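Single-structure report; data block below.
The values are calculated or read from the model by the stated rules, or taken from the named source; none is laboratory data. Predicted model, so just to flag it, every value in this text is computed and none were measured. Glycine gets a Cβ as well: all are built from the backbone with ideal geometry, and neighbour counts include every protein chain shown. The accessibility values were calculated without ligands, DNA or RNA, using every heavy atom of the protein model including side chains. Shrake-Rupley method; radii C 1.70, N 1.55, O 1.52, S 1.80 Å.
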Amino acid sequence: MRLSEEQIERYWEQGYLLLPGLVPERRLAAYEERFVALACGEAPPAPAMKIMRDVMVVKGAVTPATPLHGVNKLVSFEDDAALYGYTLEPGLLGAVCSLVGDDLYSVSTNVFNKPPNVDGRHPLHQDLRYFRIRPANRIVGTWTAFGATSRENGCLAVIPGSHKGPLLDHGNPDWEHVNAGFFGIEPAGLGERVHVPMAVGDTLLFHPLLIHGSGHNRSDGFRRAISCHYAAADCESPGLDWRVREQARRIETP
């Protein structure tokens, strides 16, 4: 389940690593089914969980065909036993442990739901913007596709090697519709972006300083993915110990 030396070298050189078919499709189907039930109000969310509606729906720019068409993402599923199973996937843990060691915490969990007929873009950004814990090299993000992702439905795009630079200034992009918390970086001079199409179960590991984002969903279907960030237990943050925060969960690795 561990990464090879070549894969580890590629991750540190490029800032990301694509692992095909890492999470079994049958388990991903169960996670997606649970997400749909929560997003449609068929199951009660955990107290800390947030189900975020798309800004275009909130502002009345579009009328969603179903409740699911109005959801942008689900945040903080640490207290949902069904979804939290994703963070414990053996292949996922083996890969992450190869990069930052076996003493891990999950620190951020999301399900991304990019419906058709909304803007839904995520501007280029660095995930370290959302964390106070350091050092960056001891944090790894994971992003697993529920279904095929492509440029048509808004796959991820990355700027290889950008993790070697500093944390840049982020702000609100000058777009008509921007979802809450979707801060971005001025794209001029950042380097050439590479689009990363993925199949069901494919997983992208990425450094928290890697510049990445995603585009419009121009298809007739949804583009969905599940994500977690892991931090090594020896990370530090100013003020309160981050390990006792509500979202942090210690991972029991084999």
Practice task
Answer yes or no: is there a residue in the range 221-230 that is in a helix (DSSP H, G or I), over 19 Å from the mean Cα position of the chain (by Cα), of a type outside the set (K, R) and surrounded by fewer than 17 Cβ atoms within 10 Å (Cβ to Cβ).
Solution key: no
Exercise for the section: Would you be able to say whether some residue in the range 122-143 is more than 23 Å from T253 (Cα to Cα), among the hydroxyl-bearing types (S, T, Y) and open to solvent by less than 20 Å² (accessible area, probe 1.4 Å)? Expected result: no
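May I ask you to say which residue of P116, P64 is surrounded by fewer than 22 Cβ atoms within 10 Å (Cβ to Cβ), more than 25 Å from I159 (Cα to Cα), in contact with a helix residue (DSSP H, G or I) (Cβ under 6 Å, 6 or more places away or on another chain) and of a type outside the set (A, V, I, L, M, F, W, C)? So that I can check it myself, show each step before the final result.
Values: P116 fails: in contact with a helix residue (DSSP H, G or I) (Cβ under 6 Å, 6 or more places away or on another chain).
One residue alone meets the criteria, P64.
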Handout entry: The lone exception for A82 - which of (1) in contact with an Asp or Glu (Cβ under 9 Å, 6 or more places away or on another chain); (2) open to solvent by 10 Å² or more (accessible area, probe 1.4 Å); (3) outside any loop (DSSP other than H, G, I, E, B); (4) more than 19 Å from A248 (Cα to Cα) it fails
Key = (4)
Exercise for the section: Answer yes or no: is there a residue in the range 1-20 that is open to solvent by 20 Å² or more (accessible area, probe 1.4 Å), part of a loop (DSSP other than H, G, I, E, B) and closer than 30 Å to D220 by Cβ. Expected result: yes
Practice task
Given the conditions (1) crowded, with 23+ Cβ neighbours inside 10 Å; (2) at positive phi; (3) of a type outside the set (S, T, Y), report the number of the one that L156 does not fulfil.
Solution key: (2)
Practice task
Would you check if there is a residue in the range 7-22 being farther than 18 Å from F206 by Cβ, β-branched (V, I, T) and in contact (Cβ under 8 Å) with a residue 24 or more places away in the chain?
Solution key: no
Handout entry: Condition check for E42: within 20 Å of P208 (Cα to Cα), open to solvent by 50 Å² or more (accessible area, probe 1.4 Å), modelled with pLDDT of 95 or more and out of contact with any His (no Cβ under 8 Å at 6 or more places or on another chain)
Key = no
